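Undergrad: Here it is, the structure, as structure tokens.
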Amino acid sequence: MTAIEGRDGHTASPGARYWHRSLHDYAAMTAGAPRGREGGPAEPARFTRFGALPRYPLPAPVGELAPLTVTAPDATFHSALLHYSCGVLRTEFGPTARWPYHRATPSARCFAPVETYLWTPGHEGLPAGVYAYDPAHHTLVLVRAGDHRAFLSAALGADLDDAVGALLLSTVFWRTAFRYGDYAYRLCAQETGLVAGNVMMVADALGMQAHLHHQFLDGPLERLVGAPGPQESVAAVLPFYSRRDSGHRPVLRSEAAYTGEALAALLGAAHGRPAPPTTGIDALAELTGMDAAARLTDTASFSRLPAGPAPARRTDDAGARTPDLAHCLRLRTSGSPAFNPARQPVPLDGIRRVLGPLFDPWPSDAVPDGAAPPVTAHLWAVNVSGLADGVHRVAPDGLHRLGSAAPLRARDIGMEAANINYRAVAAVVFLSAPRAVAQEVFGDRAFRVLHHEAGAVAQRLCVRSAAEGLAARIHNGYAARTLSGVLELPPGHEPLFQIALGVPGPDERYLMPVTRLSTTAQRPGHPGGPTAAAPTRNEVHTA
């Protein structure tokens, strides 16, 4: 019996039950999934269609990410932010190609369920409003005109007076659920965290600071962007601000309290969006029930996790901003469909550079200002030169070996991913979070809050791995109870991510860039000229 399971086998709430089912009973949970196949007639469209809504093409994204010499976001900033955060970076061809469109973040089978909306107060050539980002055409689509700053502030229960824009991330569940059924809620929560973490890194590289908001009034924001529930659900919001010389801007809570019903009444319907296609989402009771249980209806219920240990202050350069972030994002790889890296050791210094900045704080409404994310990490070293094989706890002062010195096999740790060759990996990183405390603080929204926070950490790890020439494969195939024991997790903590690292090996796929990159800033509507980018074989094998 798990800590969240009652004696009669039932759990106290949809959230608590979903925690148990998705981590400890996922095989049975996925057994009854639709099991749709990529490329088959049942596969949903991977890009949203917006009909005749007004479109504003973006200029070609810059080839390198560096602070732009502008005082406020413009078309060049929006182009770079959206392309490198959630755009399509390359397409896949070849005899074994199955996942055609590749983003800057990992995505289960490249289904990419996360949609992105931009709120902007406007600039030359772009009226104030809320826009959907169309990654297939690198274009903004106007879904609701007007400033809406006060509305967004009220829905977030936050002071956004000095915000220069915001990204709203939503989830189109059926893109993933047509294959994975109810289990897709977990995959979508993980991917939202990956995208949110990427947004923060890209914004930082462009000279802005993004805040991660998990708590907001769901109904009003979905009305704002025209997201049709239960097909699509707003999952996270990231306002961004000009960087301050005096330090970071904290998340500022609003003193006023708002209700979702009152706010939603202030907006009319979003006109012009085509009706979404009919799907089987209504038949997935666990997924839709979990999404409904996690919704918030008043800002007075917003909360924070208790303060944890103060973030460690490093004296080395491991936490420095990722060099040449755009290049690292283009190289980021999840490996071939069957993760079979080259069997060669990875130096310990490289692993330390990957792990060093994982827990640097970012502004989040889930934790006190300046606190590190509520995530812990462990490393299973398999082939790391200079480090003993075995499981190590990742701590600010280094790696601490757990358990005996006896060699460990994948099944000893609870690894169950049949498409990962654990004998060839260099190491595996596990990310865990305090499920019990978060459930008490956030209720049934805790599941997505912790998966978002852990996902942001996971994206940092994936990008830093690319900088070291490593593939990073995220996979949920593990026995959570067995793994928790090996990691010596305290009661109430759960392992949320397994990330295998290794030197990528060759396969038969071609990965081709889909967007020409500009080496200089472009004016709105004026794309950059041709570049030397050419199709590459066996350079990046990413999912």
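Undergrad: Scan the strands (runs of 3 or more DSSP E) fully inside segment 409-515 and keep the ones with 3 or more residues being buried (at least 19 other Cβ atoms within 10 Å of the Cβ).
TA: 427-433, 471-474, 494-502
Undergrad: Residue 28 versus (1) farther than 30 Å from residue 326 by Cα; (2) touching a helix residue (DSSP H, G or I) at 6+ places or on another chain (Cβ under 9 Å); (3) touching a residue at least 60 places away in the same chain (Cβ under 8 Å): which is the lone unmet condition?
TA: (3)
Undergrad: Here is a follow-up. Being farther than 18 Å from residue 290 by Cα, at pLDDT 95 or above and crowded, with 24+ Cβ neighbours inside 10 Å narrows it down to one of 177, 189, 196, so name that one.
TA: Testing whether each residue is farther than 18 Å from residue 290 by Cα, at pLDDT 95 or above and crowded, with 24+ Cβ neighbours inside 10 Å leaves just 196.
Undergrad: Can I ask one more? Have a look at 142, 168 and point out the one that is of a type in the set (A, V, I, L, M, F, W, C) and crowded, with 24+ Cβ neighbours inside 10 Å.
TA: 168
Undergrad: Something else about it: Please verify whether residue 360 is farther than 18 Å from residue 470 by Cα, charged (D, E, K, R), surrounded by fewer than 19 Cβ atoms within 10 Å (Cβ to Cβ) and assigned by TED's automatic domain parsing to the domain that holds residue 459, treating the condition exactly as stated.
TA: yes
Undergrad: Across segment 218-268, what is the number of residues that are among the polar types (S, T, N, Q), within 15 Å of residue 302 (Cβ to Cβ) and at pLDDT below 95?
TA: 1
Undergrad: Only one of 115, 92 is in contact with a Lys or Arg (Cβ under 6 Å, 6 or more places away or on another chain), among the charged types (D, E, K, R) and part of a strand (DSSP E or B). Can you tell me which?
TA: Only one candidate qualifies: 92.
Here's the yes/no breakdown for (1) touching a strand residue (DSSP E or B) at 6+ places or on another chain (Cβ under 9 Å); (2) surrounded by fewer than 21 Cβ atoms within 10 Å (Cβ to Cβ):
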| site | (1), (2) |
| --- | --- |
| 59 | yes, no |
| 90 | yes, no |
| 106 | yes, no |
| 124 | no, yes |
| 128 | yes, yes |
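Undergrad: For residues that are over 19 Å from residue 222 (Cα atoms) and out of contact with any helix residue (DSSP H, G or I) (no Cβ under 7 Å at 6 or more places or on another chain), tally how many sit in segment 281-300.
TA: 3
Undergrad: Would you confirm whether or not segment 33-52 contains a residue that is without any contact (Cβ under 8 Å) to a residue 60 or more places away in the chain, at negative phi and of a type outside the set (Phe, Trp, Tyr)?
TA: So far as segment 33-52 goes, yes, one or more of its residues are without any contact (Cβ under 8 Å) to a residue 60 or more places away in the chain, at negative phi and of a type outside the set (Phe, Trp, Tyr).
Undergrad: Just name the residue that is surrounded by the fewest Cβ atoms within 10 Å (Cβ to Cβ) out of those in segment 26-45 that are of a type outside the set (Gly, Ala, Ser) and more than 22 Å from residue 292 (Cα to Cα).
TA: Looking at residues that are of a type outside the set (Gly, Ala, Ser) and more than 22 Å from residue 292 (Cα to Cα), I get 41.
To keep it simple, each residue is scored yes or no on (1) hydroxyl-bearing (Ser, Thr, Tyr); (2) closer than 18 Å to residue 117 by Cα; (3) not assigned by TED's automatic domain parsing to the domain that holds residue 498.
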| position | (1), (2), (3) |
| --- | --- |
| 143 | no, yes, yes |
| 150 | no, yes, yes |
| 170 | yes, yes, yes |
| 185 | yes, no, yes |
| 198 | no, yes, yes |
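Undergrad: Restricting attention to segment 376-403, and to residues there that are in contact (Cβ under 8 Å) with a residue 60 or more places away in the chain, in contact with a helix residue (DSSP H, G or I) (Cβ under 9 Å, 6 or more places away or on another chain) and not in a strand (DSSP E or B), which single residue is farthest from residue 450 (Cα to Cα)?
TA: So the residue we want is 403.
Undergrad: Tell me, which strands (runs of 3 or more DSSP E) wholly within segment 134-242 include 1 or more residues that are in contact with a Cys (Cβ under 8 Å, 6 or more places away or on another chain) and within 21 Å of residue 53 (Cβ to Cβ)?
TA: 165-172
Undergrad: When segment 1-25 is examined, which residues are found to be at pLDDT below 90, under 17 Å from residue 289 (Cα atoms) and in contact with a helix residue (DSSP H, G or I) (Cβ under 8 Å, 6 or more places away or on another chain)?
TA: 10, 11
Undergrad: Of the conditions (1) part of a loop (DSSP other than H, G, I, E, B); (2) of a type outside the set (S, T, N, Q); (3) in contact with a Ser or Thr (Cβ under 6 Å, 6 or more places away or on another chain), residue 366 fails just one. Which one is it?
TA: Unmet for residue 366, out of (1) part of a loop (DSSP other than H, G, I, E, B); (2) of a type outside the set (S, T, N, Q); (3) in contact with a Ser or Thr (Cβ under 6 Å, 6 or more places away or on another chain): (3).
Undergrad: Yes or no: residue 269 of a type outside the set (S, T, N, Q) and either over 27 Å from the mean Cα position of the chain (by Cα) or within 17 Å of residue 47 (Cα to Cα) (or both)?
TA: yes
The values are calculated or read from the model by the stated rules, or taken from the named source; none is laboratory data. Remember, it's a predicted structure, so these values are computed and weren't measured experimentally. So basically every Cβ, Gly included, is an ideal-geometry build from the backbone, and we count neighbours across all protein chains shown.
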